Every structure is written in C-alpha cells, then in structure tokens.
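Read the structure below first, then the notes.
The values are calculated or read from the model by the stated rules, or taken from the named source; none is laboratory data. Source: prediction; values computed, not measured. Cβ sites come from the backbone with ideal geometry, for glycine too, and all protein chains shown count toward neighbours.
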Amino acid sequence: MYVLTMLQLLEPTPMNHSEHPAEHIAHSADKAAFLRQISQFLESGNMLSEPEAMRPYECDGMAAYQVLPWLVVLPETIEQAQGVLQLCHQYGVPVVARGAGTGLSGGALPVANGVLLSLAKFTRILKIDPGNRSACVQPGVPNLAVSEAAAPFGLYYAPDPSSQIACTIGGNVAENSGGVHCLKYGLTVHNLLALKILTIDGELISLGGAGLDSAGYDLPAVLTGSEGLLGVIVEVTLKLLPLPETVSTLLAVFAGIEQAGEAVTAIIGAGLLPAGLEMMDNLAIRAAEAFVHAGYPVEAAALVLCEMDGMAVQVAADLARAQAILLANGATEVRQAQSEAGRKKFWAGRKAAFPAVGRLSPDYYCMDGTIPRKRLAEVLRGIAALSEEFGLAVANVFHAGDGNLHPLILYDANQPGELARAEEFGGKILQLCVASGGTITGEHGVGMEKINQMCVQFSGAELRQFHALKAAFDPRGLLNPGKAIPSLPRCAEFGALHVHHGHAPHPGLDRF
Amino acid sequence: MIESGGDASSLLREHVLAAIAGKIPVNIIGSGSKTFYGRPAQGEPLEVAQHHGVISYEPTELVITARCGTRLADIEAVLADRGQMLAFEPPYFGPDATLGGVVATGLSGPRRPYAGAVRDVVLGVKMLNGHGEILKFGGEVMKNVAGFDVSRLMAGALGTLGVILDISMKVSPRPEAETTLIFFMTPDAALAQMNRWAGQNLPLSAACFDGEAVRIRLSGAQTAIASVRQKLGGDALPDDEAGSFWADVREQRLGFFQDETPLWRLSLSSAAAQPDLPGAWFIDWGGALRWLKTGQPAETVFQTAHALGGHACRFRSPMGGEFQPLSVGLEKLHRNIKQAFDPHGIFNAGRLYKGW
Ligand SMILES: Cc1cc2nc3c(=O)[nH]c(=O)nc-3n(C[C@H](O)[C@H](O)[C@H](O)COP(=O)(O)OP(=O)(O)OC[C@H]3O[C@@H](n4cnc5c(N)ncnc54)[C@H](O)[C@@H]3O)c2cc1C
C-alpha cells in the first residue's frame, strides 16, 4: 500500500498555484436548483455538496494543491454521466473528471465553481476477449485489475505505472501513463484499441474500433494524454499481451553516475530492448535500502536495473549480452536475481523509491522531465549544481531507458521559504530538460503543476493551435479549465512565451 | 551521416500563405506514389519533395528526424547502415516514396501488429497549419505528454490538417535473425492458428494467409528462432525467397493483387470469422487486416465491416478510393478538427471525405 503511504507523506501545504482570471469560467447556476435537477436521475448518496463530504476530493496525488469543488457527483451509468454533462453544458458549469486521484500534476484538482465528476463507480470489467487478446473495461477499473482478470488466460496489460494498484484505466488514458516496462511495451497510447467518450454536451461517441486502426483521424491518440480536456472517457478497450515465459533481472553497481548513464546508452546502442531499464542515484539507493532492505549497495553512486523478458532462450541470450555491456562500461558488480523472490526484491527498492525518499524529509516534490538519453550526465550535473544553489537535496530516480527523469526534491514546508525554493528549483530542472532537447513532462502530465512551464515549451501559435483543437471538442471550454494548456494571458504574465524554436528557453526567466 | 539536404520550409510557407490569401486549395504531393489511396484531392499541386534531407540521426537514442520530402529509400538505407530500421515496415508503392507521404497515409506493412504502426513511432512533427504558421509538436524523446498529441494526429490524416514539414520517429534495432515458416491449411484453421500463436511467447514479426498457406516470420536471437522452429515445425523458406515474399506482401506485388477487381482493405479484430462477402481474400496482420477483391457495392462492404466492429476502405479501384462513412458524432468531430487546423479549407480538400 505504498501509494497511500506516499500520499500521506505529502504534507498538504498549499503551494504557489492559482487559477488565472483568463482561465476562469463564470456561471450563475443556482446550486440548490442544480442539485434538484441532478437528483432526478442520481441517487442522493452519489452527489456530495457539503464541504466535509467533499474534502477527500479537494486534491489528487499533487496534495499540495487543494480546492474544494462546487459539487461532487459519482454517476454509476453512462446515462447518468450524460445527464450530469448535459446539465453542466446547459448551465455553463465547468467539469473536472476524476479517476483515483493519483495524478501527480494536479490534473484532477477541482475547480471551485465546478462539478467534480468521479468515475470511481465505473468499475466493471466488461469483457476479456482471449481470442483477440483484448479487454474492454469501464474507466474506473484499477490498472492492475486488468492484468489480474487477464491472467487466467495467460495474458496481461503491459503498461504498469507504479501506482497501478490504485490508478484507474480512465486516468491512465487521460495521462498517457507509462510504467517501468514502457521501454519495450510502450505507453498507454500504444496499448489502446478503442474508447467511448462523452463530449461536454453528453453525446456518446466511439473512437477506434475492433481492428488495429480506424477510419478518419486517429482520435484515440488525441484523447490519450488529453487530461480530461476533450471528453469524459467512459469505456476503454485495451490490448493484452501473452504473459512472458521468463523474466530475468540484473542489478549493476556503479561508482560514478555518468558511467551508469553510459552503460544504459550502450545497452540500447547494442540493439537490446530490455523490458525495463531503470537507474537510481546514491541518495535514492540509500533511502530505498533503509526503507525496504532490498540488499542495495549503499555506497554505490548509482545502480542500474536491467530486466529482460520473453522466451527463455531469447532472455538467456539477451542477459548475457547485457551483462557483458554493463561490465565493459564500468559496472563494479553485476548481480543476477536467482529466483523470482530475488527479482522482486531487486524491484522492491526501486518501486518504493518515492515513499522511501519521503522518509528522509518532511516533504518532497517529484519532478518528471524527459531528455535525450545522451544528455543524462550533463543534466545530472546541472541538477547537482542547482541542488547546491538552492540548498535542497535531490534524489534521482529514472526510467533511464527512455530518458525519463524523476528528481525528488527534499524540502521542509515548515521552514519559511523552503517550499517556494523547492518550486523554483523544480521549475529550473524542467527548463534544463527543455534546453537539453527534452520536455517538461514525460508521463505525469501538465495538469495545474506545469501549466506555467508550458509557456516555455510552446510558442503562442502552438498554444493557439492547442486551444483550437480543444474547441473542436469543447467550444465553451468547460472541461477541466485552467489545466494542461495555458491561456495566452497567463503566458504573457509568466513572461516566458517563447517565440523562436531551437533556442534555449528564456535565459532571463527567474520567476515561477 | 547527416545529409543537409534542402530546407524549403520558408518557401512552402509562402506557397501556403498565398493559397490562403487567394483561397486556392492545395493538393500536397510528395512523389505521388500513393495518390491512388483515398479520394482525389482538389487543388493546385503543392510539391514538397524539395523539402528533404535527414536532419539528425542518433542511433543510440533510437531517433531519426527528417524532412517530409526525404525519400523513404534513403532513410531506410541510412538506418540499415547502423543496423536499425523503421519497425512498421512502410509500403513504398513507388521508388521515390517520401517520408511525409508515409506518415500522412499512415500505412504500415506486415510487421505492424507486432511492432506498432506509423502512429506508434511518430515522436514529433513540425508542420504548417492553415494559418500558414510553422508549429512544432512533440519532440525527439520517447515520452512526452506536454500538450495534445498533435504529432500522432497527423499520421493518417492524409494531409487534410496541414503540411507535415519535419518528422521525428522512433527507430528499432534490426533483429539478429529472421526465418519464415510455411504451413498449409484451410482459412478457418488459419485464422485460429495465427491467433493462437499470437497469444503465445513467440517472436512473431509477421503472419499472413494467402488462401492456401499460412506464412509466419520469426525475428530475434538465432538461438530463439531455432528453438521455435523445433517447437512449431513447418517448412522454412529460403532466406532470399522469404525476404522478397514479405516485400511483395507489403508492396502488393503478389499475384493476388494483380487484378482489375476493386481491392478492399478491411480492418477487423484479428480473430473475427471471415466476413460473409463474396470475393477473394488475402489475410495479413495475423487476421487483423483482410484484403478483399470483390465487385460488391460499397454499402455492402461498409455495412459488413461495421457490423464486425471494424472498418473498410476501397483501396484500389477504377472508381477511386472511399473510406468507411463516419457516425454522425464522429463526422461532426472530424469537421471541427479540420476547422481547427485548416479554417480556410486549403489542404487536400476531399481527400479523406467528400465535402471537406
Ligand atoms: C506513488 C505513485 C506512483 C506513480 N507512478 C507512476 C508511473 O510509474 N507512471 C505514470 O505514468 N504515472 C505514475 N503516477 C501518476 C498517476 O498514477 C497516473 O497519472 C495515473 O494514470 C492517474 O490515474 P488516476 O485514475 O489516479 O487519475 P486522476 O488522478 O484521478 O486523474 C488524472 C487526470 O485524468 C483525468 N481523468 C481521469 N479519469 C478520466 C476519465 N474517465 N475521462 C477523462 N479524464 C479523466 C483527470 O481529469 C485528470 O486530469 C504515480 C502516482 C503515484 C501517486
């Protein structure tokens, strides 16, 4: 239950976020009248309007941001969800969809005058189709439950975010979530066959189909990662894969983090495709070891976990090559898990890295940037320098195979000014990612958290194009306003609208 | 390694601005190798082959970025030099096929079910929209969820949303070894068998049925392929024959495709029973792609595909191409999206659907 542990560890301190006036959707709907209309098709237990009852919904996994919604509704059927959306559309009330609320960027953060639409009651697995290797599920089904339901057929659902016991498939689609195995098996978008969505006016539309493609535009791809801005996902058809015959994991120890980075590059360069290729730095190793006793080498500057899966013969061949490459690139030791229990132990530390780091410090702030792999050493040096500059420690955990960094900034919100320093430090890390040819978010989404950094990554024309695409689905901008795509006035005030591509972001940028 | 080529983006932008100003629709053309696909586009030809060249290629990053007019053959050669490939095995349909056309048509070859489609490897695009603005979406990294995924939307949009200028794609290592096995069986048995294999731990990289025999391709380590051969039996095709067979499937050079009868492409669930439509069939993608030669009316084929949860397209025919009609809700979304990117209706009007 490390998800809960982690959420508890996040001290709920209000951070420096705010709704921008240009992103505010005003309406004058009367709450009592609105509730009366909803109650015609929704049971009273499924609509919450008292502050105490709504408290659990005031934040998501980015617990430092909190807003109480106007109303919370928990429909149980597509028809009920349609009814809610039709009412919101009629009265111009904003709607924020919510799955399990494990998102780390405040995507499911309520809007103060809006409806929080929880999909938590859509928990049915509608069909496991072993012949076509697919699963059709409702959006509130937890990620792991899909693999559990598929297991009797020798199948599983590949994307495995660390939050998989709790996070929902609807949330996964809305965030295009990845996991430690996405290097080989892809992100949510690569494992998705079809969707049913409700548009803001309550219309039910099917996207994708039974085959591997569909007529017209690739709308499943557009919906994936759209953070609840385009439609409410009410049904998802996922691709299932045969469970691998063999899974084997190596743990390589390095005395220098740059060598570890080079070893990762060498593995990919050699044409190997590990199922997982993860890396942790010394602080993360020590934290994880103290927390779960995985047997990690606490003196190591870095460790790399390299997992191969598939046919036994193929895995044996790949492991031998990977081992040789790790040693040739400076690994001081390469361990191979000798049993399934041993393999799980290798992973236990990595998977518990967030809560483990949480034990070192009253608060921490999890970042999520992606960079070209070859810039890893350089970016790490940059992060270390920033850590000195801001006087805040940082533990680094990476999906190294695909260049996705999760620096965890340690701070204490009770120390005056530390929170603001942590935020500024985080902002600098993201700018470093963009300057290195990367992006401000690999898998956690923009949400509310990185809305300002979007102004760094995209030009005004690009943002306008995003807004036009949103308007194609939601002309009045009622779905999740103020998230994911910043308004132009916000960017103008943030002072970071970058106009020319290929240039490093605004060097004079010092606000956040 | 990096060929400078020609950056014609400013020139293309001027053309587009002029088209907008004069309200003259343009028909975007790479080499014209796939003009048969889809409906005829209206408008003045806008030649984009002049915008060509590989911009960057980092084998250890598994990423290549190239301009839309770059010849597919050149890209595949550059990749092959470093032991890499485009995993979706793109069809050429002409010697000068360009990368832009590959992405815009969204067509993938036999490896698609096992290694993903064009849209799965597109990481980023630079494009010209219907305001004549040059925009960049996505990037050169594997994971990127900043903003809507406009890059993937461009794949298969047939140029109706703008001119794709530059494309970044994920590339894959070439397998160490490949073998093709052949098994003779009936159509029903073939579908069942291909799906059974797909549900097992096998290094499949292609599976098709030509009416008489299933051919499967295995890719991976030498040792793995040897062990699978032992397990499955079947006869192995000589390597050169296997290579040209899959190229002929991809390029539609097999005897099956040499015919004047309209050729239909049906995209169905891989295990769906053979549709009840008269005509000759060729099954690819382990069952997920069915090619049909038939003289049946379009409505009949569309209805049949729809009833099976899939879709159909008249792929090659003297009558021209035609895509599966969209539901009312989908059609509205499509028109809105078109409007969002191309408000003046400049790009490839009518290529995807009549009227826009
Ligand atoms: C400990 C921990 C570990 C994590 N590890 C990973 C990881 O390894 N990889 C990774 O990618 N992420 C990870 N995450 C982030 C998070 O779990 C994912 O983003 C997840 O997909 C969110 O799912 P959710 O159901 O909790 O969505 P929520 O947080 O409820 O919502 C996320 C976003 O999706 C929208 N949304 C939710 N449901 C719908 C719907 N049905 N229709 C439309 N929009 C909807 C919301 O409006 C919001 O914008 C982790 C989080 C935690 C707390």
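For B:Gly355, are the conditions met, namely being surrounded by fewer than 21 Cβ atoms within 10 Å (Cβ to Cβ) and not charged (D, E, K, R)? Yes: the conditions hold for B:Gly355. Considering the range A:217-237, the residues that are more than 11 Å from the ligand (Cβ to nearest atom) and among the aliphatic types (A, V, I, L, M) include one that is nearest to A:Ala312 (Cα to Cα), namely A:Ala221. Scanning the range A:283-319 for residues that are in contact (Cβ under 8 Å) with a residue 60 or more places away in the chain, out of contact with any His (no Cβ under 9 Å at 6 or more places or on another chain) and assigned to a strand (DSSP E or B) yields A:Val304, A:Met308, A:Gly310. Among the helices (runs of 4 or more DSSP H) confined to the range A:95-192, the ones with at least 3 residues that are over 30 Å from B:Ala190 (Cβ atoms) are located at A:143-150, A:169-175.
Does A:Ala471 satisfy the condition of being assigned to a helix (DSSP H, G or I) and over 26 Å from B:Val63 (Cα atoms)? Yes; evaluated as a whole, the condition is true for this residue. For the range A:435-455, a residue qualifies if it is in contact with a Leu (Cβ under 6 Å, 6 or more places away or on another chain) and more than 16 Å from the ligand (Cβ to nearest atom), and the qualifying residues are A:Gln453, A:Cys455. Applying the condition of being at pLDDT 95 or above and outside any strand (DSSP E or B) to the range A:273-282 and asking which residue is surrounded by the fewest Cβ atoms within 10 Å (Cβ to Cβ) yields A:Asn282. Mind listing just one residue for me: the one in the range A:456-486 that is away from the ligand (no atom under 16 Å from the Cβ) and either β-branched (Val, Ile, Thr) or more than 22 Å from B:Leu153 (Cα to Cα) (or both) and, of those, modelled with the lowest pLDDT? Here the residue is A:Val456.
In the set (1) more than 15 Å from the ligand (Cβ to nearest atom); (2) facing chain B (nearest Cβ under 8 Å), the condition left unmet by A:Thr199 is number (1).
Across the range B:227-277, the number of residues qualifying as more than 14 Å from chain A (Cβ to nearest Cβ) and in a helix (DSSP H, G or I) comes to 15. When the residues of the range A:433-450 are filtered to those that are surrounded by fewer than 24 Cβ atoms within 10 Å (Cβ to Cβ) and of a type in the set (A, V, I, L, M, F, W, C), the one that is farthest from the other protein chains (Cβ to nearest Cβ) is A:Ala435.
One residue alone among A:Arg350, A:Arg343 is within 13 Å of the ligand (Cβ to nearest atom), within 24 Å of A:Pro161 (Cα to Cα) and among the basic types (Lys, Arg), and that residue is A:Arg350. For A:Leu240, indicate whether it is more than 14 Å from the ligand (Cβ to nearest atom), modelled with pLDDT of 95 or more and not aromatic (Phe, Trp, Tyr). It is true that A:Leu240 is more than 14 Å from the ligand (Cβ to nearest atom), modelled with pLDDT of 95 or more and not aromatic (Phe, Trp, Tyr).
Scanning the range B:213-226 for residues that are in contact with a Ser or Thr (Cβ under 9 Å, 6 or more places away or on another chain) and either buried (at least 21 other Cβ atoms within 10 Å of the Cβ) or more than 10 Å from chain A (Cβ to nearest Cβ) (or both) turns up B:Arg215, B:Ile216, B:Arg217, B:Leu218, B:Ser219, B:Gly220, B:Ile225. I'm trying to understand the selection: among the residues of the range A:296-355, which are among the β-branched types (Val, Ile, Thr) and under 19 Å from A:Thr265 (Cα atoms)? Within the range A:296-355, A:Val304, A:Ile325, A:Thr332, A:Val334 qualify.
If you go through the range A:203-256 and pick out every residue that is part of a loop (DSSP other than H, G, I, E, B), farther than 19 Å from B:Asp149 by Cβ and either away from every other protein chain (no Cβ under 13 Å) or of a type in the set (D, E, K, R) (or both), you end up with 4.
Within the range A:182-191, none of the residues are more than 10 Å from chain B (Cβ to nearest Cβ) and among the aliphatic types (A, V, I, L, M). For the range B:106-118, which positions are facing chain A (nearest Cβ under 7 Å) and under 21 Å from A:Gly403 (Cβ atoms)? Within the range B:106-118, B:Gly116 is the sole residue that qualifies.
Filtered by the rule that a residue be more than 9 Å from every other protein chain (Cβ to nearest Cβ), out of contact with any Leu (no Cβ under 8 Å at 6 or more places or on another chain) and surrounded by fewer than 24 Cβ atoms within 10 Å (Cβ to Cβ), the range B:131-173 gives a lone residue, B:Asp166. Taking the range A:460-494 as the range and being more than 13 Å from chain B (Cβ to nearest Cβ) and polar (S, T, N, Q) as the test, only A:Ser487 passes. One residue alone among A:Leu212, A:Leu183, A:Leu251 is at pLDDT 95 or above, in contact with a Pro (Cβ under 7 Å, 6 or more places away or on another chain) and buried (at least 21 other Cβ atoms within 10 Å of the Cβ), and that residue is A:Leu212.
Scanning the range A:128-155 for residues that are over 18 Å from A:Leu212 (Cβ atoms) and either acidic (Asp, Glu) or away from the ligand (no atom under 16 Å from the Cβ) (or both) yields A:Ile128, A:Glu148, A:Ala149, A:Ala150, A:Ala151, A:Pro152, A:Phe153, A:Gly154. Looking at A:Ala120, A:Ala53, A:Ala81, just one residue is modelled with pLDDT of 95 or more, away from the ligand (no atom under 11 Å from the Cβ) and not charged (D, E, K, R), and that residue is A:Ala53. For beta carbons closer than 9 Å, sequence separation of 6+ or different chains, a first residue in the range A:132-157 that is within 12 Å of another protein chain (Cβ to nearest Cβ) and over 23 Å from B:Leu289 (Cβ atoms) and a second that is away from the ligand (no atom under 16 Å from the Cβ) and part of a helix (DSSP H, G or I), the qualifying pairs are A:Tyr156/A:Glu148; A:Tyr156/A:Ala150. Check whether at least one residue in the range B:183-198 is modelled with pLDDT of 95 or more and assigned to a strand (DSSP E or B), and report yes or no. The answer is yes; a qualifying residue exists.
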